[in-house]
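One structure below.
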Amino acid sequence: MSGDTRWIELDGAVNARDLGGLPTADGGITRLGRILRSDNLQDLSVADVRLLCDDYALKNIVDLRSDSEIRMEGPGPLNRVPSITVHQLPLLPEGGHRTDVNADTTAGALPAQERSTGHYLGYLRDRGDSIVAALRIMTRPDGSTLVHCAAGKDRTGVVCAIALETVGVTRQAIVADYAQTGERLDAVLARLRATDTYAADLDALPADAHHPDAAIMEKVLTRLEEEFGGAVGWLTTHGWTEEDTAALQDRLLN
């Protein structure tokens, strides 16, 4: 980790950080080294793999990319590590655009905030099963869990926001963590534009579509609060239990 930040400096990924060090509403703080988030892991170096395995005891990867992305990109370095289990839990419907950097161009005439909010609510509407499964993997006690997609912004951002709200992290900190991708956005886009998998989808979007505007996550969390009483209420409609909440809190807070 660099300095006093939560960034994880890797050779082959530019948007990796730790979900530890975030404040909770009751005065607590999330534990470092338990849940990590990142952009695409295809280009990790040998040193990156060693760092994640040795310093973070990485055991589980939650891969939110679609089957088509995974097929086009092929296995990454961590797929070849016997001690790591990769769980494929796609959030996008199969077919269509592949990148998670606001890939839905069907609403291109809408303002960026409305496009993104609708896109994120679509994950919740269509892939509640994947989100619940992702959070349950986070509760596993055998080392850390890393959640990623392509950019580590949209799909990863929504799943991590749901997890953080479930354990009581403050709304301000959740939104700030989502927006923090903006600090590395140019490097994220440069990585994705260098690949055949993502370049066309990225270039099809207006420039304002890529920025992780804090107001977008605010709107999504507010919608959950208004309709379900918050993230836990929404999760409950997809089979999440009080025991699941306690297990995630135990993992991230204790």
Of 130, 45, 83, the one that fluctuates the most in a GNM where the chain has Cα springs shorter than 10 Å: 83
Selection from 119, 160, 135, by position along the positive dipole direction of the stretch 110-188 (Cβ): 135
Debye, to nearest 20: dipole size of the stretch 169-246, +1 on Lys, Arg Cβ, -1 on Asp, Glu Cβ: 200
Listed residues 162, 174, 84, most fluctuating in the chain (Gaussian network, C-alpha, under 10 Å): 84
Alpha-carbon centroids, the stretch 157-208 and the stretch 1-76: separation in whole Å: 13
For the chain, built as a Gaussian network whose Cα springs stay under 10 Å, the top-fluctuating residue of 12, 74, 230: 74
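Please compute the net charge surrounding residue 76, taking Lys and Arg as +1 and Asp and Glu as -1 over other residues with Cβ under 11 Å from its Cβ. Spell out each step's value before the answer.
Working: positive: 65, 80; negative: 43, 48, 63, 73.
Summing Lys/Arg as +1 and Asp/Glu as -1 gives -2.
So for the chain: antiparallel DSSP bridges make up what percent, rounded to the nearest 5?
On the way: 5 of 18 bridges.
Roughly 30 percent of the DSSP beta bridges within the chain come out antiparallel.
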Span-rule helices in the chain, defined as complete DSSP H runs reaching 18 Å or more along the axis (Cα) with Kyte mean at least -0.5: 214-228
5 angstrom amide H check on residue 86, placed H, neighbours 5+ away: 61
Among 81, 52, 62 the positive-end extreme of the charge dipole of the chain (Cβ point charges): 81
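For the chain, calculate the relative contact order in percent as a whole number, restricting contacts to Cα pairs under 8 Å that are 6 or more residues apart. Don't skip to the end; give the middle numbers.
Values: 435 pairs, mean separation 61.7, N = 254.
Averaging sequence separation for qualifying contacts and normalising by length gives 24 percent for the chain.
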Projected label distance in nm at residue 83 and residue 237, using a 7 Å step from Cα toward the beta-carbon: 4.1
Cα-centred dipole magnitude for the chain, charges only on beta-carbon of K, R (+1) and D, E (-1), debye, nearest 20: 320
Residue list for the stretch 1-42, given a label point 7 angstrom along the Cα-to-Cβ vector of residue 187 and an amide N cut-off under 11 Å: 2, 7-17
Relative contact order (percent, whole number), the stretch 136-254, Cα cutoff 8 Å, 6+ residue spacing: 36
Net charge of Cβ neighbours under 13 Å - reference residue 240; Lys, Arg +1; Asp, Glu -1: -4
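The numbers here are math on the coordinates, done by the rules we state, and not lab data. The model shown is predicted, which means the values in this text are computed figures rather than measured ones. We place every Cβ from the backbone using ideal geometry, glycine too, and count neighbours over all the protein chains shown.
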